[in-house]
1. Considering only residues that are in contact with a helix residue (DSSP H, G or I) (Cβ under 6 Å, 6 or more places away or on another chain) and not in a helix (DSSP H, G or I), look in the range 96-117 and name the one that is farthest from ligand 1 (Cβ to nearest atom).
2. Can you tell me which of (1) touching a residue at least 60 places away in the same chain (Cβ under 8 Å); (2) in contact with a strand residue (DSSP E or B) (Cβ under 6 Å, 6 or more places away or on another chain); (3) under 16 Å from residue 246 (Cα atoms) is the one residue 175 doesn't meet?
3. Would you mind stating whether residue 5 is in contact with a helix residue (DSSP H, G or I) (Cβ under 6 Å, 6 or more places away or on another chain), within 14 Å of ligand 2 (Cβ to nearest atom) and more than 21 Å from residue 158 (Cβ to Cβ)?
4. Looking only at the range 1-41, how many residues end up being within 16 Å of ligand 1 (Cβ to nearest atom), without any contact (Cβ under 8 Å) to a residue 60 or more places away in the chain and not in a helix (DSSP H, G or I)?
5. Looking at 174, 163 in this structure, which one is within 16 Å of ligand 1 (Cβ to nearest atom), surrounded by 20 or more Cβ atoms within 10 Å (Cβ to Cβ) and part of a helix (DSSP H, G or I)?
6. Do we find that residue 44 is farther than 22 Å from residue 301 by Cβ, within 14 Å of ligand 1 (Cβ to nearest atom), touching a residue at least 40 places away in the same chain (Cβ under 8 Å) and touching a strand residue (DSSP E or B) at 6+ places or on another chain (Cβ under 6 Å) in this structure?
7. Looking at residue 133 and the list (1) more than 16 Å from ligand 1 (Cβ to nearest atom); (2) more than 28 Å from residue 49 (Cβ to Cβ); (3) in contact (Cβ under 8 Å) with a residue 40 or more places away in the chain; (4) in contact with a helix residue (DSSP H, G or I) (Cβ under 7 Å, 6 or more places away or on another chain), which single condition is not satisfied?
8. Residue 64 fails exactly one of the following numbered conditions: (1) more than 13 Å from ligand 1 (Cβ to nearest atom); (2) closer than 24 Å to residue 236 by Cα. What is the number of that condition?
Ligand code: BDR
Ligand code: CA
């Protein structure tokens, strides 16, 4: 099995991505490192533990990471995910406990344990990975593949006009990470918008007779209503698309390789990802940008994870 380490800030769409990963027979989730982002770390840790329990995998180690961005405090996304990050439905806490080891240290340890094999998937702000890199800049040499949900490759942002949430929350961390890895796979917000599901179909999938579907129906309800209100017929689940790309790279139908960096200083564009579409900088093509993914394959994976 392919070892998979997931850095995440659950989060409603993170939760679906985690169900997909835990359901995949070809991959072994070796740990969850938890970031602050969608909501505070206290909640994202609690949600990760709960999700593992609901998925029947309370054995997956969960490591708490950084409670704040590297430099500047940043607003969360509770408006989208609920004050507790899981739709404020008041579920009972998981019986399992978070590990003592810090997420950045766990990341480094697991990168040694699975050197050359480990697939690292990031579904939240990149604070933990940036910290790990500062502690040990050789980290990228041991990671087989890095898959990142972040950015808006043509500056069509979701949290500001130009920036996507995971980068905007901690631009310095994103800068450090995306600069350090010579190649990474990117599923950005614009790809997310191109791979929506119809709300009325999602509602049907959520009627599956499984504990996972019931749980997901409850925690995603308010977010789905919010999204229907704001964005119309289609529901967009950023982290699930990134996870489909991570678990099944063969499903990618179109990828563009380009140099990509993070804007740190802009007055309107701080946290934007800047793609050198015309290769004007001479910088190496570090980003493999997902443009099109097989929608039927994506859907099948989401539905299987919910129905399990
Ligand atoms: C990203 O931001 C978060 O709110 C989601 O969980 C996803 O990771 C989308 O911009
Ligand atoms: Ca996320």
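Values quoted throughout were computed directly from the atomic coordinates according to the rules given, and no laboratory measurement underlies them. In this text the structure is predicted, and so the values were computed from the model without any measurement. Neighbour counts are summed over all protein chains in view; Cβ atoms, including those assigned to glycine, are modelled from backbone coordinates with ideal geometry.
1. The selected residue is 115.
2. Result: residue 175 passes all but (3).
3. no
4. The number of residues fulfilling the criteria is 3.
5. None of the other options fit; the residue is 174.
6. yes
7. In the conditions (1) more than 16 Å from ligand 1 (Cβ to nearest atom); (2) more than 28 Å from residue 49 (Cβ to Cβ); (3) in contact (Cβ under 8 Å) with a residue 40 or more places away in the chain; (4) in contact with a helix residue (DSSP H, G or I) (Cβ under 7 Å, 6 or more places away or on another chain), residue 133 misses (2) alone.
8. Every listed condition holds for residue 64 apart from (2).
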